[in-house]
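Here is the structure we will look at, set down as structure tokens.
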Amino acid sequence: MVLGKRLKVKDERRKTKEGFDFDFPFPLSPAVKKVFILKDILQQLTEVLEQRKLASADSSYVAGLYDKGLDAILKKIGEEATETVMAAKDGDRQKIVYETADLWFHTLIMLSHQGLTADDVLQELARRFGLSGLEEKANRPT
């Protein structure tokens, strides 16, 4: 497995309390290690979503969404956004995480359908990092 095409790690995963753990070939701080793992998860999801574009609609939930088109994908994102809001309103932390995962997943499907990836969004977030919200908004093209 390759993380960012730079860092090779063993493919054996150990389930830990916080998720999957990797054996890195050199020491990393816990924060840096977590970034690599999260980026790897997003990369793997992106690859699976791309593979589903080639699958038959009756063989995969995601392939079925792709087959139904953008409107169906957007409708699902709207449903998941509403469920996330309701979970937050109810204050159910476990359900908030569950529904947010659904929302993010369906957003990744939409990005893939549009020829984009999570990496495109991460690059935009990195561009904004360190700017105040007001400064970022003022610098947007009109």
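Specify which of the listed residues (L45, L28, L3) is among the aliphatic types (A, V, I, L, M), at pLDDT below 95 and more than 20 Å from the chain's Cα centre (by Cα). So that I can check it myself, show each step before the final result.
Working: L45 fails: more than 20 Å from the chain's Cα centre (by Cα); L3 fails: more than 20 Å from the chain's Cα centre (by Cα).
One residue alone meets the criteria, L28.
Would you point out the residue of the stretch 108-142, among those that are among the aliphatic types (A, V, I, L, M) and farther than 18 Å from Q43 by Cβ, that is surrounded by the most Cβ atoms within 10 Å (Cβ to Cβ)? Break it down stepwise before answering.
As a first pass, look at the stretch 108-142 and keep what is among the aliphatic types (A, V, I, L, M): 108-111, 116, 118, 121-122, 125-126, 131, 134, 138.
Of the ones still in play, those that are also farther than 18 Å from Q43 by Cβ are 131, 134, 138.
Details: L131: 12, L134: 8, A138: 9.
Looking at the filtered set, the residue picked out is L131.
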Listed by first then second residue, the pairs whose first member lies in the stretch 29-52 and is more than 15 Å from D119 (Cβ to Cβ), whose partner is in a helix (DSSP H, G or I), with beta carbons under 6 Å and at least 6 positions apart or on separate chains, are R52/V62; R52/A63
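Is it the case that G130 is out of contact with any Pro (no Cβ under 8 Å at 6 or more places or on another chain) and under 30 Å from K53 (Cβ atoms)? Lay out the reasoning, then the answer.
Values: out of contact with any Pro (no Cβ under 8 Å at 6 or more places or on another chain): yes; under 30 Å from K53 (Cβ atoms): no.
No; evaluated as a whole, the condition is false for this residue.
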ask   = Quick one: would you say I73 is surrounded by 15 or more Cβ atoms within 10 Å (Cβ to Cβ) and touching a His at 6+ places or on another chain (Cβ under 7 Å)?
value = yes
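Would you point out which residue out of A63, A55 is more than 27 Å from E124 (Cβ to Cβ) and not in a helix (DSSP H, G or I)? Spell out how you get there, then give the answer.
On the way: A63 fails: not in a helix (DSSP H, G or I).
Just a single option satisfies the conditions, and that option is A55.
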Check: In the stretch 44-59, is there at least one residue being out of contact with any Cys (no Cβ under 9 Å at 6 or more places or on another chain), of a type in the set (V, I, T) and not assigned by TED's automatic domain parsing to the domain that holds L116?
Finding: yes
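With respect to A81, determine if the residue is at pLDDT 95 or above, exposed (fewer than 14 other Cβ atoms within 10 Å of the Cβ), out of contact with any His (no Cβ under 7 Å at 6 or more places or on another chain) and under 20 Å from L42 (Cα atoms). Spell out the reasoning first.
Values: at pLDDT 95 or above: yes; exposed (fewer than 14 other Cβ atoms within 10 Å of the Cβ): no; out of contact with any His (no Cβ under 7 Å at 6 or more places or on another chain): yes; under 20 Å from L42 (Cα atoms): yes.
So A81 fails the test.
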Subset of the stretch 53-82, residues in contact (Cβ under 8 Å) with a residue 12 or more places away in the chain and among the basic types (K, R), comes to K53, K76
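The values are calculated or read from the model by the stated rules, or taken from the named source; none is laboratory data. All of these numbers come straight from a predicted model, not from anything done at the bench. Methodologically, a virtual Cβ is constructed for each residue, glycine included, from the backbone with ideal geometry; neighbour enumeration extends over all protein chains shown.
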